[in-house]
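Structure first, commentary second.
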Amino acid sequence: MKSLMLFLQEILDDLGNLCGTSTRLDLKEIELRVKHEGISFLTISLPTFGKSLEKGLDRGYVAHDLFTGFRWTSGLPRLFGGFLELVFDRKTGRLLRDPSIPAIFAIRQICLMFAKIGLDCAEWRIRDAIDGYMQCEKDVRAADASLSPRDLDCFKRIGRLLWSDTFQAVDEDIFYGRIVPKHGPGATAEKLSSNAKWIMTEWTQRLDRYFPHWEYLTTSVSRSNEWLTTVQILEPGQERPVRVVTVPKTLKSPRIIAIEPACMMFIQQGILGSFERELFRNNFPGKFIRWDDQTPNQRMALDGSENGNLATLDLSEASDRVSNQHVRALLENFPNLAGGVDSCRSRKADVPGHGVIRLAKFASMGSALTFPFESIVFLTIIFLGIERELNRPLTRRDIESFAGSVRVYGDDIIVPTDYVHSVVSMLETFGFRVNRDKSFWNGKFRESCGKEYYDGHDVSITRMRSLLPTSRKDASGIVSTVSMRNQLYKAGLWRAARFLDTYLEELIPLPVVSEKSPVLGRHSFLTETLWGVPVRRLHPHYQVPVVRGLKVTGRAPEDILDGPGALLKCLTLLTLREGDGLPSISVDHLERSGRPKSIRTKLGWGPAH
């Protein structure tokens, strides 16, 4: 904790120098609060302060409903008063006509940088998150019941305008057997190893109707193998439920995901591949939605912050509030696609402390189809909201006119500010919750896909993802801290970067390297030296600079696969590679496969550039 506070002091000094203000009293206040509240002050209380700043920027003033839990002096909180005075008027709390961009960045950097340190939550917070998951299920059922037939009919009509061509193409892929299933890198409900997924012994009757196991679990060469007789075809009541688990997100609340059975994920990945091939080459919906590139959302958020013409919206529990009814309504005219998607949708979930429940949501985070279908549903509702504001039915030409002003990436949504209230109302009509603390449309602050902007300026921050390492054995902590050091250096926080250099050099060698180097080291704006550290050796054959440092290694666990499963995997990967759907793989993938159980660092010489 002492090292963390010393590091925080260097961050404060950097930010104070950037804005020309003293941070001495701020440091004392933080030290006092940390002494009494522990690390939760940095990971929970300070992030709340940062979110209050963003809310004040959006509405143009601050008042006592913001910055709760912090002492005030006149019209502003006492903590970080030197920075806040450069943004808001001390007496009235009103946003200044020309607020300081560096001060906005400074407050966000110091308040939000500790929010996502990868630490486990308290048990009571985990229980609260699980209870919230159960409450969300009740909310989805209530929203389904309250949705009017008129709204649902309009939703279907907008869906036909947007998605008919894409849905028809995927429908035909399923009908003609052109789906190429595959396994993803994640865990399965059965807890199978990476290669063991290719020897599935469970299939379902629902899957068998659209994806017969004798075609999708074997090849033409091995179809006569007796292995097929070992596959158990499960009736709907016997199907394995998804396994609901929590994973670290913030100390305030964990993230809840659902781990799918192997057979479900296998087909989900195949349908996802068909969607991507069709949607990403279709110029019409591709103007509004892609889930392989965040940069269009980020560029539009930048434009919205400067011109005020675009709003950024964020939804709470977005994936868990997409109802199965929403998806069925969109797919009702495409029987093969509707049947195929429904067959690989898990209907039950095993929730800790609550047992097995039946799901009203389409799917939790963990299904390969969750992200694309939530994007599809949100975009449809957005145009339904725009239609209500225009008070006339939309045409395809109308929809095309919004290219460049409407964009969806999961639950990161961008819409024109002229239609934002109608869109928000329509999203809530369909059971979604707009997170108003992270949605912006009034002021000049915008946030989307991990980037934040104010008045055309990038005010994105560097985040701390793990505590400072105390030993070279903490490979993940060292990798995370080196990455943070380089981000701080590029952001101009050089005192903090220098502190981390000194700290890390007590654990590991830290040479100057380029961003492309496999060696862990310092990035520099200088060419060959950083604070007097030269490049000392050239490669004997290629005459390029080499440095001595740590390289990250991680070997896939031993996982031997042979027989029909090995043949199926090889032919599937070959088919995907021919369609540019898969990167190159290891030559020993039948002997070792899956994510490394841990990463290690190895000392040696490597290229500096």
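The values are calculated or read from the model by the stated rules, or taken from the named source; none is laboratory data. Just so it is clear, the model here is predicted, and its values are computed rather than measured. Cβ atoms come from the backbone with ideal geometry, glycine included; neighbour counts cover every protein chain shown.
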Exercise. Looking at (1) closer than 23 Å to LEU96 by Cβ; (2) at pLDDT 95 or above, can you tell me which one PHE430 breaks?
Worked result: (1)
For this session: Residue by residue through segment 104-137, note down the ones that are β-branched (Val, Ile, Thr) and touching a His at 6+ places or on another chain (Cβ under 9 Å).
Result: ILE104, ILE130
Problem set entry | Residue among GLU190, GLU172, GLU215, GLU235 that is touching a residue at least 60 places away in the same chain (Cβ under 8 Å), out of contact with any Gly (no Cβ under 6 Å at 6 or more places or on another chain) and either over 24 Å from SER319 (Cα atoms) or among the small types (Gly, Ala, Ser) (or both) | GLU172
Exercise. Out of all the residues in segment 449-486, which are assigned to a helix (DSSP H, G or I), surrounded by fewer than 18 Cβ atoms within 10 Å (Cβ to Cβ) and without any contact (Cβ under 8 Å) to a residue 24 or more places away in the chain?
Worked result: SER483
Problem set entry | Tally, over segment 284-305, of residues that are within 9 Å of ARG446 (Cβ to Cβ) and of a type in the set (D, E, K, R) | 1
For this session: State which residue is nearest to ARG465 (Cα to Cα) when the search covers only segment 245-291 and only residues that are at pLDDT below 90 and in a helix (DSSP H, G or I).
Result: GLU276
Exercise. Regarding LEU369, is this residue farther than 26 Å from GLN135 by Cβ, assigned by TED's automatic domain parsing to the domain that holds PHE275 and either surrounded by 15 or more Cβ atoms within 10 Å (Cβ to Cβ) or in contact with a Leu (Cβ under 9 Å, 6 or more places away or on another chain) (or both)?
Worked result: no
Exercise. What are the pairs, 6+ residues apart or on separate chains, where a residue within segment 37-53 that is outside any helix (DSSP H, G or I) has its Cβ under 9 Å from a residue that is not aliphatic (A, V, I, L, M)?
Worked result: ILE39/PHE114
Problem set entry | Scan of segment 440-456 for residues that are closer than 19 Å to GLU317 by Cβ and either at pLDDT 95 or above or of a type in the set (D, E, K, R) (or both), ordered by number | GLU447
Exercise. Counting just the residues of segment 157-203 that are not in a loop (DSSP other than H, G, I, E, B) and not assigned by TED's automatic domain parsing to the domain that holds ILE376, which one comes out farthest from ILE382 (Cα to Cα)?
Worked result: ALA196
Exercise. Looking at SER100, SER74, SER22, which one is more than 23 Å from LEU468 (Cβ to Cβ), modelled with pLDDT of 95 or more and not basic (Lys, Arg)?
Worked result: SER100
Problem set entry | Members of segment 313-329 found to be modelled with pLDDT under 95, outside any helix (DSSP H, G or I) and among the small types (Gly, Ala, Ser), listed by number | SER316, ALA318
Seminar exercise, completed: Of those in segment 576-609 that are polar (S, T, N, Q) and at pLDDT 80 or above, the residue farthest from PRO545 (Cα to Cα) is SER593
Exercise. Mind checking whether some residue in segment 433-446 is in the same structural domain as LYS602 (by TED's automatic domain parsing) and not in a helix (DSSP H, G or I)?
Worked result: no
Problem set entry | In segment 487-505, the residues that are farther than 17 Å from GLU515 by Cα and in a helix (DSSP H, G or I) | TRP494, ARG495, ALA496, ARG498, PHE499, LEU500, THR502, TYR503, LEU504, GLU505
